[in-house]
1. If you place +1 on the Cβ of every Lys and Arg and -1 on the Cβ of every Asp and Glu, how big does the dipole about the Cα centre of the chain come out, in debye to the nearest 20?
2. Aspartates and glutamates within cross-link reach of K197: Cα-Cα under 15 Å, excluding same-chain residues under 8 positions apart?
3. Could you work out how much longer the chain between E194 and I113 gets when fully extended? Use 0.36 nm per residue separation minus the Cα distance between them, nm to one decimal.
4. How much net charge surrounds A167 when only the other residues with a Cβ under 15 Å from the Cβ of A167 are counted, with Lys and Arg +1 and Asp and Glu -1?
5. Step through the table entries K4/K152; K130/K152; K130/K169, compare each Cα-Cα distance with 27 Å, and write down the pairs that go over it.
6. Measuring from a point 7 Å past the Cα of D80 along Cα-to-C-beta, which residues in segment 32-46 have an amide N at less than 20 Å?
7. Among A153, A193, A141, whose Cα sits farthest toward the positive end of the charge dipole of the chain (+1 at Cβ of Lys/Arg, -1 at Cβ of Asp/Glu, about the Cα centre)?
8. Would you please put 75-81, 152-158 in order of how densely packed they are, using the mean number of other Cβ atoms within 10 angstrom per residue and starting with the highest?
Amino acid sequence: MGDKPTIVLVHGFWGGAAHWTKVIGALSRQGYTRLRAVEVPLTALADDAERTRKMVAQQDGPVLLVGHSYGGAVITQAGDLPNVAGLVYIAAFAPDAGESPGGISRALPPAAIANLAPDSDGYLWIKYDKFHESFCQDLAADEALAMAVAQKAPLASTFGDTITAPAWKKKPSWYQISSDDRMIHPDNQKRMAERLKARKVITLAASHASLASKPAEVSALIAEAASAVAG
């Protein structure tokens, strides 16, 4: 087995790189010191994928790309670089060519879709008073409040951006399903996980914010994938 890969973490809508805080700590304790978390602008899939590609290109050796939520669409679009050794989806979108996160959600709407609210500048927010119940109902109220106040809204148009060449068709993948997810319908997650032909799929009794509520289990899956692609 060769050197451990660099693990590059990509956040989704309504959060930033700090959403990975607990997973970063857990992976570090397991001996993964080459960790990076991309801060993507959430302005367009092309912008977010390009920022991710630049981060990946700066790394020496193999990279394991990990995406949460919309970050799954980003790693699907950006993961075709030669040093990307694998993809891990954490309660994430894994669109096929021509699909968008918005299209997937409209086909099978999640429970909290009514709690999204656009503003006059074109950004899409989770209503502040609905954030806890929508995004992270299994976190403590204080942590949920901090996430709600610090939420990073995407441009609503990003929801409609489509994948061109999905990297999961060429790269090995892993998937974590959140069975209590109210932001991406769990049945959509199951369908995408099956379509990936993922090497391993785990299901957690978790909210959309499984990376914060179940960091031990999420980091264990990432570490397993990292071990598989090492070298």
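1. Values: 23 positive and 23 negative charges, 143 e Å.
For the chain, the charge dipole is close to 680 debye.
2. In chain and number order, the partners are D96.
3. Numbers: separation 81, 0.36 × 81 = 29.16 nm, distance 2.37 nm.
Gain on stretching E194 to I113: 26.8 nm.
4. Numbers: positive: R53, K169, K170, K171, R195, K197, R199; negative: D48, E50, D80, D96, E99.
Cβ neighbours under 15 Å give a net charge of +2.
5. Working: K4/K152 31 Å; K130/K152 15 Å; K130/K169 36 Å.
Too far apart for the 27 Å limit: K4/K152; K130/K169.
6. Backbone N within reach: 44-46.
7. Result: A193.
8. 75-81, 152-158
Where a number appears in this text, it was derived from the coordinates with a stated rule and is not lab data. Owing to the predicted nature of the structure, the values given are computational and were not obtained by experimental measurement. Glycine also receives a Cβ, built like all others from the backbone with ideal geometry; neighbour counts cover every protein chain displayed.
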